[in-house]
1. Consider segment 182-214. How many of its residues are closer than 27 Å to N229 by Cβ and basic (K, R)?
2. Scan segment 128-156 residue by residue and report those that are surrounded by 15 or more Cβ atoms within 10 Å (Cβ to Cβ) and in a loop (DSSP other than H, G, I, E, B).
3. Just to be sure, is K142 without any contact (Cβ under 8 Å) to a residue 60 or more places away in the chain and among the charged types (D, E, K, R)?
4. Which of the helices (runs of 4 or more DSSP H) contained wholly in segment 1-112 include at least 3 residues that are modelled with pLDDT under 95 and over 18 Å from K142 (Cβ atoms)?
5. With (1) touching a Lys or Arg at 6+ places or on another chain (Cβ under 8 Å); (2) within 18 Å of C231 (Cβ to Cβ) as the list, and L148 as the residue in question, which single condition is left unmet?
6. Exactly one of these conditions fails for R164: (1) outside any helix (DSSP H, G or I); (2) charged (D, E, K, R); (3) more than 19 Å from G120 (Cβ to Cβ). Give me its number.
7. Answer yes or no: is there a residue in segment 182-193 that is surrounded by fewer than 17 Cβ atoms within 10 Å (Cβ to Cβ), not in a loop (DSSP other than H, G, I, E, B) and not β-branched (V, I, T).
8. Evaluate segment 254-266: report whether one residue or more is under 20 Å from the mean Cα position of the chain (by Cα) and either surrounded by 12 or more Cβ atoms within 10 Å (Cβ to Cβ) or touching a residue at least 24 places away in the same chain (Cβ under 8 Å) (or both).
Amino acid sequence: MKKVLLLTGTTGFIGQSLLKFIEINYEKDYEIVLLSSAVNENYKTVLHKNYTFNKQDFEKNGILKIDLVLHIGAFIPKSGIEANDINKSNANIFNTKYLLDNLPNLPSKFIFLSTIDVYGKIETIIDESSFTNPLTMYGWSKLYCEKLLENWSKENNIILQILRIGHIYGKGEEAYKKVIPVTIQKLKKGENPQIFGIGDEKRSFLHVDDVSNLIMKSIELQKYEGVINLCSSNSYTIKNIVEMLVEISTKKIQIDYIETENRGVDFEFDTSKMNRLLGFEKINIKDGLADEYFE
């Protein structure tokens, strides 16, 4: 018998990829209820977006029981400027609380996608025990939601799993003003890609398909394992990433280096907890970049 999975946020970058991943790999296991504005022929049950639904809407759609909630839906800044938008950041908290208050029943499991932005600026390799001190309102909003859900799940005897999502790349991230999609856009236009400073900041990019796989593996956990970082164990400098994309494009083009006094923060991760509980990343960075470039 299929379990009923409530999935929020399927119009976003990760949400779209995850929904497709479930359709391909878990169609026989779950009946999907979409809580978003996504339109999908395979799923007749699509509730109202922006959390304007209520318990009566579940009943009207014939949804009397939810077995599992996978809460992806949230405001995610598409640029650094948006990261401190107070109203949008607060919406992450209000909408999460609204979701909890309007579920048709208490599910057995609740998976929440948080962010590595809760760590702030850390000079060492990051793991789940690293100190949390967000630098943005967005980071604080996700950390608050973590604490909210930990208390709620404990009070209601629900298996919670918090997944802190790292730097993700792949098809569908075009809307984000980040190094990979911005570089790809410039290369396709025949423009020189840009690097601020010398590009020696380290990043650990995990492919969106790997993220989808790891998220679904987290459903199998039988108890709350504390937060788990979903990140790559392999780090590359920004310069490395841009050079790989230039090579993939096969264009004879140079990189423009923009002088700046500020050096970005390194993000490197110890993924031993993720590897032990959920598995390993599978997609090689060069293959993933090529797939995104030629989509």
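1. Number satisfying all stated conditions: 2.
2. E128, S130, T132, P134, L135, T136
3. no
4. So the answer is 13-25, 55-60.
5. Unmet condition: (2).
6. Here R164 meets the rest and fails (3).
7. yes
8. For segment 254-266, residues under 20 Å from the mean Cα position of the chain (by Cα) and either surrounded by 12 or more Cβ atoms within 10 Å (Cβ to Cβ) or touching a residue at least 24 places away in the same chain (Cβ under 8 Å) (or both): present.
The values are calculated or read from the model by the stated rules, or taken from the named source; none is laboratory data. Everything quoted here is computed from the prediction, not taken from an experiment. Cβ: placed from backbone, ideal geometry, glycine included. Neighbour counts: every protein chain shown.
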